[in-house]
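*Asks:* Below: one structure in structure tokens.
The values are calculated or read from the model by the stated rules, or taken from the named source; none is laboratory data. Every value quoted in this text rests on a predicted model; they were computed, and no experiment measured them. Cβ placement follows ideal geometry from the backbone for every residue including glycine, while neighbour counts extend to all protein chains displayed. Side chains are part of the model used for accessible areas, which takes the heavy atoms of the whole protein and leaves out ligands, DNA and RNA. Shrake-Rupley method; radii C 1.70, N 1.55, O 1.52, S 1.80 Å.
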Amino acid sequence: MLEDDVFVRDDWIKEKKNQAIAKRFLAASFKGWVYCRDHASDCVKIVLKNGPALPGGHQKWMMNEINALIWPNKLGIGIMDPKAFNRTASIAKQFGVIKKSPSGAWRADLARAAVAQLKAQKVDVYGKKWKKAKVKITEGGK
């Protein structure tokens, strides 16, 4: 099931100025995920500096696992696979999370525009060369 999506109100996103804001937000978010792909240890340090609930070893493991969910990405960071969306909706409906199928509940045009912007800046939005690291899990997560 998909998770950790970006949600906005339909009435808000219909306004052109808000679509521009959303595109900039998505581009910045995607660029952050690219940075954490390429600089995982720096991102772990940022988390640790800002008062994490879990120790460094666990944060390093989580960064590696999250990156493995994102990379490589054949569609480009942040572009939702329609099959994955439909599968998630089906599971949510099956288990009573939603009552009816969410027709028209998502759009990819703003994410595609953000990815195109990053590609124009020569940002690797696919991460084809990314490989999962071997992270040693230790007692207490240190």
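*Asks:* When a/c is below 1.5 the answer is rounded, else prolate if a/b is larger than b/c, else oblate, so apply that to the stretch 67-142 with a ≥ b ≥ c taken from the square roots of the Cα gyration tensor eigenvalues.
*Replies:* On the way: a/c = 3.04, a/b = 1.18, b/c = 2.58.
Because a/c hits 1.5 or more and a/b fails to exceed b/c, the stretch 67-142 counts as oblate.
*Asks:* Moving on to the next point. So how strong a dipole does the stretch 58-142 carry about its Cα centre when Lys and Arg Cβ are +1 and Asp and Glu Cβ are -1, to the nearest 20 debye?
*Replies:* Details: 18 positive and 5 negative charges, 42 e Å.
Dipole of the stretch 58-142, to the nearest 20 debye: 200 debye.
*Asks:* If each residue of separation counts as 0.36 nm, what is the full-extension length gain between Lys142 and Ile21 once their alpha-carbon separation is subtracted? Working shown, then result.
*Replies:* Details: separation 121, 0.36 × 121 = 43.56 nm, distance 3.92 nm.
Extra length available between Lys142 and Ile21 comes to 39.6 nm.
*Asks:* Counting only C-alpha contacts under 8 Å and six or more residues apart, can you give the relative contact order of the chain as a whole percent?
*Replies:* Details: 118 pairs, mean separation 54.2, N = 142.
It rounds to 38 percent for the chain.
*Asks:* Further question on the same structure: Probe radius 1.4 Å, ligands and nucleic acids ignored: give me the carbon and sulfur share of the accessible area of the stretch 1-101 as a rounded percent.
*Replies:* Values: 4210 of 7130 Å².
After summing per-atom areas, the C and S share lands at 59 percent.
*Asks:* If you filter the stretch 1-93 for trypsin sites (Lys or Arg not before Pro), then keep DSSP loop positions with at most 13 other Cβ within 10 Å, what is left?
*Replies:* Within the stretch 1-93, the qualifying trypsin sites (Lys or Arg not before Pro) (loop, at most 13 other Cβ atoms within 10 Å) are Arg9, Lys14, Lys74.
*Asks:* For the chain, what does the helix formula give at 222 nm: sum of -39500 (n - 2.57) over DSSP H segments with n ≥ 4, over the residue count, nearest 500 deg cm²/dmol? If you can, show how the numbers build up before the last one.
*Replies:* Numbers: 6 runs with 77 residues, N = 142.
About -17000 deg cm²/dmol.
*Asks:* Continuing with the same structure: Looking at the stretch 1-55, which chymotrypsin sites (Phe, Trp or Tyr not before Pro) are in a loop (DSSP not H, G, I, E or B) and have at most 13 other Cβ atoms within 10 Å?
*Replies:* Answer in residue order: Phe7.
*Asks:* I've got another one for you. For the stretch 20-125, what class follows from the C-alpha gyration tensor (a ≥ b ≥ c being the square roots of its eigenvalues): rounded when a/c is under 1.5, otherwise prolate if a/b is larger than b/c, else oblate?
*Replies:* Working: a/c = 2.23, a/b = 1.29, b/c = 1.72.
Oblate is the answer for the stretch 20-125, as a/c is 1.5 or above yet b/c matches or exceeds a/b.
*Asks:* On full extension of the chain, what length is gained from Ile66 through Val8, given 0.36 nm per residue of separation minus the C-alpha to C-alpha distance? Mind showing how you got there, number by number?
*Replies:* Details: separation 58, 0.36 × 58 = 20.88 nm, distance 2.33 nm.
Working it through step by step, the gained length comes to 18.5 nm.
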